[in-house]
Amino acid sequence: MVEYSFNRLCFKANIIEPLDDSDYFAVHTPMGTFKMTKGDFYRVFDNVVKTKSYLEKGIYHYPTTPEKALVFLEKK
């Protein structure tokens, strides 16, 4: 599993794209840690994968955490 930290939920293409669909990645944020597989990411956040920001700049972050992401927030 690969992990990285960011000040909000952020997806980094250079970390996610080399993974297999069943590989996990975790994003540590002040809100907590979001953990999912690459397959989960493509299924739930399919809109992110198509954005200009993700495709061209390799990064996409939400200004506020979307409701659909909360299922991936690990319980403390």
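Before moving on, here are some points about what is shown:
- Filter pass, Tyr54 being open to solvent by less than 30 Å² (accessible area, probe 1.4 Å) and either at pLDDT below 95 or of a type outside the set (Asp, Glu) (or both): yes
- Of residues in segment 30-41 being more than 10 Å from the chain's Cα centre (by Cα) and open to solvent by 60 Å² or more (accessible area, probe 1.4 Å), the one farthest from Lys75 (Cα to Cα): Pro30
- For the residues Val44, Val48, Val71, Val27, the requirement of being open to solvent by 50 Å² or more (accessible area, probe 1.4 Å), among the hydrophobic types (A, V, I, L, M, F, W, C) and either modelled with pLDDT of 95 or more or touching a strand residue (DSSP E or B) at 6+ places or on another chain (Cβ under 7 Å) (or both) singles out Val71.
- Qualifying helices (runs of 4 or more DSSP H) (wholly inside segment 1-68; at least 3 residues being in contact (Cβ under 8 Å) with a residue 12 or more places away in the chain): 13-16, 38-44
The values are calculated or read from the model by the stated rules, or taken from the named source; none is laboratory data. These numbers were taken from a predicted model, which means no experiment stands behind them. As a convention, Cβ positions derive from the backbone with ideal geometry for all residues, glycine included, and neighbour counts pool all protein chains shown. Only protein heavy atoms, including side chains, enter the accessible area calculation; ligands, DNA and RNA are left aside. Shrake-Rupley method; radii C 1.70, N 1.55, O 1.52, S 1.80 Å.
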